[in-house]
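A short worksheet on the structure shown next.
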Amino acid sequence: MGQGEFGLTPEERRAYDADGFFARERTFGADELEALREAAERVVAIAESSAPTSEDYWHDGNRYREAAGSTIQFEHSPGSETVRVIEPFHHLDPALDRLIDDPRLVDPARALVGDERVSLFTDKLNLKRPREGSQFRWHQDSPYWTHFYREVHRLPNVMVTLDDASEANGCFRVIRGSHTRGCLPGRHDAGELGPLFTDPAGFDIDDQVLIEVPAGSTIFFSPHTVHGSQPNTSDSLRRAFVVTYQPGAARMFKVDAKREAGIAS
Ligand SMILES: O=C(O)CCC(=O)C(=O)O
């Protein structure tokens, strides 16, 4: 299989296999980054202004909405109208649709799934607004996806950071090596969605790594890697895209359509 210009280095392959993640700093330059940030905010504006396609609904006290072909999560403080997550986002802006085909995401994804042909599985825009952005509790993506996709380990994620990420603004965190034991037990003491969050007895918190990287970086991580992040207690934004690929041409997670990536149109 050809590597492509942005394929994995041997050290990145080792890190992904042994640690369950690796990061590339400043993958996107300043002008590209500004364009991505503007596109992200356009998508938020669409999500905020689109008519819901059904009643809002709640899980564990947190509000969700279906609108504009996406699932929108709102911030957790009672009554907040602040958008926290939009999944998927790529269909809401042409610049973000193009991002799905960017070789800086697709070449590593091809190597990680072991297939020349890859397609989009799902894509999220995660927004942590200053002083309001809430935590993402420790979890793996695999227990959530395993009912939908048989070879769940072949769904690598890439996070694209839109702002400098620090401990204060709630940078992404991973548990090094936690991907090696498949789907870990979920929590039974943490509400309706508790089973989707990883039981702390299943990993060692001392293995956590804070990924403090500059804006425009890419972080590749396994769907089995335990990950999460803390609230944004700073005055800075912390926004990121998370794009998940799958081998071959298969339907997306939340949309009944195929979206091949990195093919000439
Ligand atoms: O954005 C973050 O800090 C966490 C992301 C995450 O856990 C997810 O999207 O599954």
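The values are calculated or read from the model by the stated rules, or taken from the named source; none is laboratory data. Being a predicted model, the structure only gives us computed values, none of them experimental. For neighbour counting, all protein chains shown are included, and Cβ atoms are generated from backbone atoms with ideal geometry for every residue, glycine included.
Of the residues examined, Pro223 is one that is under 16 Å from the mean Cα position of the chain (by Cα) and assigned to a loop (DSSP other than H, G, I, E, B).
Each residue in region 223-238 was checked for being surrounded by fewer than 24 Cβ atoms within 10 Å (Cβ to Cβ) and over 19 Å from Gln140 (Cβ atoms), and 6 pass. Output the residue which, of all residues in region 145-172 that are surrounded by fewer than 19 Cβ atoms within 10 Å (Cβ to Cβ) and either under 13 Å from Leu237 (Cα atoms) or among the charged types (D, E, K, R) (or both), is modelled with the lowest pLDDT. So the residue we want is Arg150. Ser49 passes every criterion in (1) closer than 24 Å to Glu192 by Cα; (2) exposed (fewer than 12 other Cβ atoms within 10 Å of the Cβ) apart from (1).
If you go through region 107-123 and keep only what is more than 12 Å from the ligand (Cβ to nearest atom) and closer than 15 Å to Val242 by Cβ, you end up with Pro108, Ala109, Leu112, Leu120, Phe121. Give the residue, chosen from Phe220, Phe253, that is in contact (Cβ under 8 Å) with a residue 60 or more places away in the chain, surrounded by 22 or more Cβ atoms within 10 Å (Cβ to Cβ) and at negative phi. That would be Phe220, the only listed residue that is in contact (Cβ under 8 Å) with a residue 60 or more places away in the chain, surrounded by 22 or more Cβ atoms within 10 Å (Cβ to Cβ) and at negative phi. Does Phe203 satisfy being among the hydrophobic types (A, V, I, L, M, F, W, C), within 20 Å of Thr180 (Cβ to Cβ) and either within 13 Å of the ligand (Cβ to nearest atom) or touching a residue at least 12 places away in the same chain (Cβ under 8 Å) (or both)? When the stated conditions are applied, Phe203 passes them. Taken over region 206-217, the criterion of being part of a strand (DSSP E or B) and in contact (Cβ under 8 Å) with a residue 40 or more places away in the chain is satisfied by Val209, Leu210. Which of the residues belonging to region 124-144 are under 18 Å from Pro200 (Cβ atoms), more than 9 Å from the ligand (Cβ to nearest atom) and surrounded by fewer than 19 Cβ atoms within 10 Å (Cβ to Cβ)? Hits for region 124-144: nothing passes.
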